[in-house]
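What follows is a short report on a single structure.
The values are calculated or read from the model by the stated rules, or taken from the named source; none is laboratory data. Fair warning: this is a prediction, and the values are worked out from it, not measured in the lab. Don't worry about glycine lacking a Cβ; one is built from the backbone with ideal geometry, like all the others, and counts go over all protein chains shown.
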Amino acid sequence: MTNAASKLRLTLSVEGQTVIVDPCDLLVVACDPRGLTDVCTFTPSELAVFDGLQNCTFHTTLVRVPVPTDAARKPKFGVILKPDAIDRMEGNVSGFRNETAKQLSLETANAMTENLVTVYQLLGPEKTPMTQAQFLKRLEDILQGLDWWPYDSLQICTDDKGAPITLTTPYFDHFDNAGLAANLPWKYLAVQGTGNTLYVHGSTCFESVLQCWQYGGMLLDQLPSLGIALPADKNAARIAVLGAGPSGMLFATGCRAWATRACRSSKPPAATAARPIPSRWTNRSRLSCPPACRRKRRAIWAPATFRPLMTTWPWRLRISCRATSAPGFS
Ligand SMILES: Cc1cc2nc3c(=O)[nH]c(=O)nc-3n(C[C@H](O)[C@H](O)[C@H](O)COP(=O)(O)OP(=O)(O)OC[C@H]3O[C@@H](n4cnc5c(N)ncnc54)[C@H](O)[C@@H]3O)c2cc1C
């Protein structure tokens, strides 16, 4: 990908064939940008921001546990998180979630002989994170000695090939104190729109699904001020979303959901003494419905906040689904 100041050229690998999209109107990076340095030509400002990112490592393990038979020793909670272990972020066991109780209720789970439980371990930012084997050894060394762990023994669940059912994943991309002092969050915001590229991955906001949704929506509302001008013919807009995790999926579907909502919002709510018209309704705009809306070409009332989106609605969203360094579309 060439990410020059004013033009974006995207080279795609599609079922073994190379496809060049030139120009690409908008690239939406919905995966960790640090993993793209070999395929993206980033600007020095972008690299300075990405270099400042660091992350924790989350490790989860699925275990099978016998349920205590003694009524007085039955677990009282389906989930326990241990704040001090989470605070220390040393890779120790910091919590568990009883999956059987989540599905069937704790009462039902407690009446069974065995339950399935996910055990959580969290490691802080490290240059060399613990391996899966190290996480598992730590779990086996300490779990049975924890006074809040309610089960007498455990067996690590395995898959068809006999491998432990675990997940070791980067978690919570963020800047350290030096990065905050260097204003890196604001510099991250400043690179938005550069080279017709938006960054919506969890690293841009507080890494939770809700925040990904909100942050992506904020960017969509601000496309013109970010210097992103999509073609007037929305069918001609070429937009690539790289990464099909929550932020990529939500960004893509958010466009459609917000546009539809704007179409439905054909009238502002009636004002009453107790409930005046909210300010977002007071700047009324006459808009045309997008083609997907059955009310063809009918002028509508819509909240002002929806107007930029409606006027730049990208009709052709395609989502990259491959977690490889060579982006591919499906
Ligand atoms: C154990 C755990 C529990 C969590 N629990 C919660 C919770 O309860 N609630 C909550 O809100 N959040 C939770 N989170 C956080 C949440 O998972 C993240 O905030 C969210 O996944 C971020 O979404 P994302 O799409 O930005 O990134 P990701 O989920 O990392 O998705 C990025 C996607 O891009 C793909 N990708 C990477 N490189 C490329 C490439 N070169 N080409 C194409 N695709 C690529 C990846 O395979 C991945 O599918 C949890 C996280 C963990 C680890």
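Only one of these is farther than 26 Å from V119 by Cβ and either more than 16 Å from the ligand (Cβ to nearest atom) or assigned to a loop (DSSP other than H, G, I, E, B) (or both): Q192, Q144. Name it.
On the way: Q144 fails: farther than 26 Å from V119 by Cβ.
One residue alone meets the criteria, Q192.
Going through D152, D173, D160 one at a time, which residue ends up being within 20 Å of L36 (Cα to Cα) and either within 13 Å of the ligand (Cβ to nearest atom) or surrounded by fewer than 14 Cβ atoms within 10 Å (Cβ to Cβ) (or both)? Lay out the reasoning, then the answer.
Details: D152 fails: within 20 Å of L36 (Cα to Cα); D160 fails: within 20 Å of L36 (Cα to Cα).
It is D173.
From the list K102, K127, K137, K161, which residue is outside any helix (DSSP H, G or I), farther than 30 Å from L47 by Cβ and free of Cβ contacts under 8 Å to residues at least 40 places away in the same chain?
Values: K102 fails: outside any helix (DSSP H, G or I); K127 fails: farther than 30 Å from L47 by Cβ; K137 fails: outside any helix (DSSP H, G or I).
Among K102, K127, K137, K161, only K161 is outside any helix (DSSP H, G or I), farther than 30 Å from L47 by Cβ and free of Cβ contacts under 8 Å to residues at least 40 places away in the same chain.
Of these, G248, G243, G217, G254, which one is under 17 Å from V28 (Cα atoms), modelled with pLDDT under 85 and within 16 Å of the ligand (Cβ to nearest atom)?
Details: G248 fails: modelled with pLDDT under 85; G243 fails: modelled with pLDDT under 85; G217 fails: modelled with pLDDT under 85.
G254 is the lone residue from the list that is under 17 Å from V28 (Cα atoms), modelled with pLDDT under 85 and within 16 Å of the ligand (Cβ to nearest atom).
Within the set of pairs 6 or more residues apart or between chains, which connect a residue that is under 21 Å from P170 (Cα atoms) and polar (S, T, N, Q) inside region 20-47 to a residue that is part of a helix (DSSP H, G or I) and away from the ligand (no atom under 16 Å from the Cβ) with Cβ atoms less than 8 Å apart?
Going by the 8 Å Cβ cut-off, the qualifying pairs are T37/L47.
Yes or no: region 182-202 includes at least one residue that is over 23 Å from the mean Cα position of the chain (by Cα), more than 19 Å from L242 (Cα to Cα) and without any contact (Cβ under 8 Å) to a residue 12 or more places away in the chain.
There is no residue in region 182-202 that is over 23 Å from the mean Cα position of the chain (by Cα), more than 19 Å from L242 (Cα to Cα) and without any contact (Cβ under 8 Å) to a residue 12 or more places away in the chain.
Yes or no, residue by residue, for (1) assigned by TED's automatic domain parsing to the domain that holds L223; (2) buried (at least 19 other Cβ atoms within 10 Å of the Cβ); (3) near the ligand (Cβ under 9 Å from one of its atoms):
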| residue | (1), (2), (3) |
| --- | --- |
| L27 | yes, yes, no |
| C31 | yes, yes, yes |
| G35 | yes, no, yes |
| V39 | yes, no, yes |
| T43 | yes, no, no |
| E46 | yes, yes, no |
| T61 | no, yes, no |
| R64 | no, no, no |
